[in-house]
């Protein structure tokens, strides 16, 4: 806060390797994959969910229903974290086993698909805090002042953040399509320039190839 006004920071993260940010021992410990650790975390999540269901079925009353709903909701909220670990291959060195555990025990019960999430999420890691980061819509509003915390908590509780993430993913796909179209237009103009059919006065978006398969010509929108 500066003079009662909020300043939004736009950060660009430098590209660094993990080994350059932490000592070698701690870095290797963080990267170590453990099948039993992953199985233990998945079993804990499902154990809490099934235990909460059994508690409500055995002793149904407002207290157990409220507690059971909170416990199940907490493990549903933890499911995306397990999907995240599975997308990074943290459950097992065997890729097929890792994806099977992540898909069937973490993603599918939460109506997700871990393969699609992996492609999306690795793009976020490659372009973290850059203009084409697909998760930039989630981090762009921060840092924020404390007065916004209750609204953020309510938005998280009611799923507004999921909607915002979906909108960000759609905007990222639209941006990639726009960049691909621009690259195709540039290639088409280069081909037209090489064929000697190009003029600086011509509309660069309307080049087309005749149906007869001849050389690219101007669309006739100007005097070339």
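Every number here is computed from the coordinates shown, using simple stated rules; none is lab data. Predicted model, so just to flag it, every value in this text is computed and none were measured. Positions of Cβ are generated from backbone atoms using ideal geometry, with glycine treated the same way; all protein chains shown enter the neighbour counts.
Some notes on this structure:
- Peptides 177-190, 87-100, ordered by how many other C-beta atoms sit within 10 Å of their residues on average, highest first, read 87-100, 177-190.
- Estimated from the Cβ-Cβ distance and a Förster radius of 25 angstrom, the FRET efficiency linking residue 31 and residue 129 is about 0.70.
- Cα extents of the stretch 28-128 along the three principal axes, largest first (Å): 49, 27, 22
- Shown is the FRET efficiency for residue 93 and residue 43, computed with R0 = 22 Å from the Cβ-Cβ distance and rounded to the nearest 0.05: 0.65.
- The mean sequence distance of close C-alpha pairs (under 8 Å, at least 6 residues apart), as a share of the length of the stretch 80-156, puts its relative contact order at 21 percent.
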